[in-house]
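A short worksheet on the structure shown next.
The values are calculated or read from the model by the stated rules, or taken from the named source; none is laboratory data. For clarity, every value in this text was computed on a predicted model and none was experimentally measured. Cβ placement follows ideal geometry from the backbone for every residue including glycine, while neighbour counts extend to all protein chains displayed.
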């Protein structure tokens, strides 16, 4: 037995405290709990039958051996082409050299950290922001600086202020991390005007923008907003996409879009991370895209999710005390609740568990430790009935703690 | 366009030179080239029909939705159990808490780097050693110290000497990286006596051993050697396994075996790397194991590879000048050639390309830049005819450069 394990772990991991949130989230697995804590797509949304046909055809075809062999680090050529065509149809002019496949979008976040972050570097993120992003950057020793959101996403005035202050100290963040569409966890979408403001500031201070957009195609209402990458296509933006929310997270396929010079570095980083993403699942996804059934599938799952969202919104309207606020998300998987300032949602969590309902306390999404009076609710995974019943239970727990 | 990309890349990647080896390896893809450069399993070895049946059954079963959903970071429970049972049958006493699934063994190397290596830390590896290991450790800023191999693998006397020297300077490596079975690239297997010597030294200096063993089950002759982990099961060893060489690399499934305290840290690291390995491919692999057809499959592919190895060995005997040496590998995928000292195999590579044959120059496997007169040949991927014809071509290129 090695004697000094704690001592030989690297600095970052040996300084990690045992995650309180991981411990309490185990409680969400208890029987009879209605859990709004996850971020999972609805199992009923998976196109099982279509996928079965595709896999059978694949394994009967000449592609079978290639699907089971090592693939290129950049990703399956036909999958990359099909994704590029899809983006072009949506108005984003990129070439195949601008897109690489990753082992889901989480790997995209990891690879970006791997090539950009030295211990002590700064990354700017929203308050709140996706926990998996915060953790990935933090694992490489990034110092996270948060910028508050308003109803239109990351506040441009505060971002500019922060960059000015940093510049005065001779500092510059490695990138600005944004989730412009139906933000996880806040559910907020940046209108085009805000996107342009953020781009303007990024250009002024010569900082990269990372646009993480897993929910982009899950819009239930309101007008389509152009991608930040579409609005700034000269190399200032890196975009991250994924099949996890529109096809199946079980495939673990995502992608990165960037200038070729950046993609080249990311490919080098991916080579040491996992050599390549499974060619088998990539070829399934490529055949799924090629079959032209993704769009009708999206119509179907958007109907499922919109209905679930509407049921949760209706239950919130009906049962929540007036002190509780939220923004109506136009898409995505999440609703974010604001409680009165005196609430501590981590404490409330234990009381909610007694009422047999679970959520994620909002402070974990805040890199500055704020957000104690907030919580994230997922409406995509629980059934419609559970979405309604869970809100009834949650409002009971909240009402018991109103002052 | 970001103005100073080179400047904002982190220290490690901005110091990377453009890889000469990646550039020359592109030449191996030219038409009519017989390439011994890869490390790919034979495409004819993939059990396509059996896998098709398994995938169809999976997607018809109640498991289908779980296969397409997010999974746990540790990996699919039934796959982990089946692997643990398999190891127990082979004499390795581990529990389920000691084994986690990774996105192929390359991710295992990456995660180990991620939790152990701070910039400037030392890792000890063989001279030569697997390039993907060297690269993964190097990406996290590790300083690599090489230890020469003899016909029984890493030399214990030199290892002890190196550790003594380091200790005198108050230093200790993070781990000793070994590939005990049919080493990549050298093809050498450590006998049990050498394994025990290495363990003794690791214990004495309180250093972890990383045992990377992708080819272990591909033994064509000679006696089975117990795993280093089997010989030292008190927490001094971490083992890395994979399905890539025994089932299909296209699934990207590997695993790590270690003390629970280490597995816990690796799981945290994996969570930010890719959340989980594809549950879809994991469930296919689990059903493949459960069907009990792996062992008969192994018999089949070992026959294929043994025959290919023997053909290459016979061709070497027949055509190579007597100045060229090699060790007969008892398993695995590689043969390693030693040429007279005045040879530079990177220069020879270009001449071999003219003869329409390719290999990997041995210096890339040497962290100290040595090995200029060596080369790695893969015998698993090319056809039997190509294995013979390629050696004829290669010996022609070598003979032209004999002094």
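Checked against the criterion of being without any contact (Cβ under 8 Å) to a residue 60 or more places away in the chain and on the phi > 0 side of the Ramachandran plot, the candidates B:141, B:120 yield just one match: B:120.
Pairs meeting the criteria (first residue in segment A:290-303 and within 18 Å of residue A:334 (Cα to Cα), second residue assigned to a helix (DSSP H, G or I) and at pLDDT below 95, beta carbons under 7 Å, at least 6 apart or on different chains) are A:301/A:45. If you filter segment A:45-59 down to residues that are farther than 11 Å from residue A:283 by Cα and within 7 Å of chain B (Cβ to nearest Cβ), you find that the one that is surrounded by the most Cβ atoms within 10 Å (Cβ to Cβ) is A:51.
Taking the options A:120, A:132, name whichever one is surrounded by fewer than 24 Cβ atoms within 10 Å (Cβ to Cβ) and facing chain B (nearest Cβ under 8 Å). Break it down into steps so the answer makes sense when it comes.
Values: A:120 fails: facing chain B (nearest Cβ under 8 Å).
Of the residues listed, the single one that is surrounded by fewer than 24 Cβ atoms within 10 Å (Cβ to Cβ) and facing chain B (nearest Cβ under 8 Å) is A:132.
Being more than 10 Å from chain A (Cβ to nearest Cβ), within 21 Å of residue A:68 (Cβ to Cβ) and either modelled with pLDDT under 80 or touching a helix residue (DSSP H, G or I) at 6+ places or on another chain (Cβ under 6 Å) (or both) is a property that does not hold for residue B:20. For segment B:104-117, the set of residues classified as within 7 Å of chain A (Cβ to nearest Cβ) and either touching a strand residue (DSSP E or B) at 6+ places or on another chain (Cβ under 7 Å) or under 13 Å from residue B:144 (Cβ atoms) (or both) consists of B:104, B:107, B:116, B:117, listed by residue number.
Here the condition is being buried (at least 24 other Cβ atoms within 10 Å of the Cβ), within 30 Å of residue B:31 (Cβ to Cβ), in contact (Cβ under 8 Å) with a residue 60 or more places away in the chain and within 14 Å of another protein chain (Cβ to nearest Cβ); of B:333, B:256, it holds for B:333 alone. Can you confirm whether residue B:203 is modelled with pLDDT of 95 or more, in contact with a strand residue (DSSP E or B) (Cβ under 6 Å, 6 or more places away or on another chain) and either surrounded by fewer than 18 Cβ atoms within 10 Å (Cβ to Cβ) or not in a loop (DSSP other than H, G, I, E, B) (or both)? When the stated conditions are applied, residue B:203 does not pass them.
Does residue B:266 count as within 11 Å of chain A (Cβ to nearest Cβ), over 21 Å from residue B:158 (Cβ atoms) and in contact with a strand residue (DSSP E or B) (Cβ under 8 Å, 6 or more places away or on another chain)? Full working, then the answer.
Details: within 11 Å of chain A (Cβ to nearest Cβ): yes; over 21 Å from residue B:158 (Cβ atoms): yes; in contact with a strand residue (DSSP E or B) (Cβ under 8 Å, 6 or more places away or on another chain): yes.
So residue B:266 fits the description; yes.
If you go through segment A:96-107 and keep only what is in contact (Cβ under 8 Å) with a residue 40 or more places away in the chain and in contact with a helix residue (DSSP H, G or I) (Cβ under 7 Å, 6 or more places away or on another chain), you end up with A:97, A:98, A:99, A:100, A:101, A:102, A:103, A:104, A:106, A:107. Can you confirm whether segment A:84-100 contains a residue that is at pLDDT 95 or above, on the phi > 0 side of the Ramachandran plot and within 7 Å of chain B (Cβ to nearest Cβ)? So far as segment A:84-100 goes, no, none of its residues is at pLDDT 95 or above, on the phi > 0 side of the Ramachandran plot and within 7 Å of chain B (Cβ to nearest Cβ). Taken together, B:199, B:238 contain a single residue that is more than 30 Å from residue B:300 (Cβ to Cβ) and away from every other protein chain (no Cβ under 11 Å), which is B:199. Taken across segment A:123-137, residues that are in contact with a helix residue (DSSP H, G or I) (Cβ under 8 Å, 6 or more places away or on another chain) and without any contact (Cβ under 8 Å) to a residue 12 or more places away in the chain do occur, with at least one present.
Could you check segment B:269-289 and list, in sequence order, the residues that are farther than 19 Å from residue A:273 by Cβ and more than 9 Å from chain A (Cβ to nearest Cβ)? Write out each step before concluding.
If we filter segment B:269-289 for residues that are farther than 19 Å from residue A:273 by Cβ, which is where we start, we get B:279-280, B:283-289.
Hits for segment B:269-289 are B:285, B:286, B:287, B:288, B:289.
What do you reckon, is residue A:348 away from chain B (no Cβ under 14 Å) and not in a loop (DSSP other than H, G, I, E, B)? When the stated conditions are applied, residue A:348 passes them. Within segment A:146-169, being surrounded by 15 or more Cβ atoms within 10 Å (Cβ to Cβ) and over 21 Å from residue A:196 (Cα atoms) holds for one residue alone: A:166.
Residue count for segment B:93-108 under the criterion of being assigned to a helix (DSSP H, G or I) and under 15 Å from residue B:81 (Cα atoms): the result is 3. Report whether or not residue A:187 is closer than 30 Å to residue B:65 by Cα, assigned to a helix (DSSP H, G or I), in the same structural domain as residue A:115 (by TED's automatic domain parsing) and modelled with pLDDT of 95 or more. Judged against the criteria, residue A:187 is not a match.
May I ask you to verify whether residue A:191 is more than 10 Å from chain B (Cβ to nearest Cβ), over 21 Å from residue A:111 (Cα atoms), surrounded by 24 or more Cβ atoms within 10 Å (Cβ to Cβ) and touching a strand residue (DSSP E or B) at 6+ places or on another chain (Cβ under 9 Å)? Reasoning before the result, please.
Numbers: more than 10 Å from chain B (Cβ to nearest Cβ): yes; over 21 Å from residue A:111 (Cα atoms): yes; surrounded by 24 or more Cβ atoms within 10 Å (Cβ to Cβ): no; touching a strand residue (DSSP E or B) at 6+ places or on another chain (Cβ under 9 Å): yes.
So residue A:191 does not fit the description; no.
Taking the numbered list (1) assigned to a loop (DSSP other than H, G, I, E, B); (2) surrounded by fewer than 19 Cβ atoms within 10 Å (Cβ to Cβ) in turn, residue B:371 passes all entries but (2).
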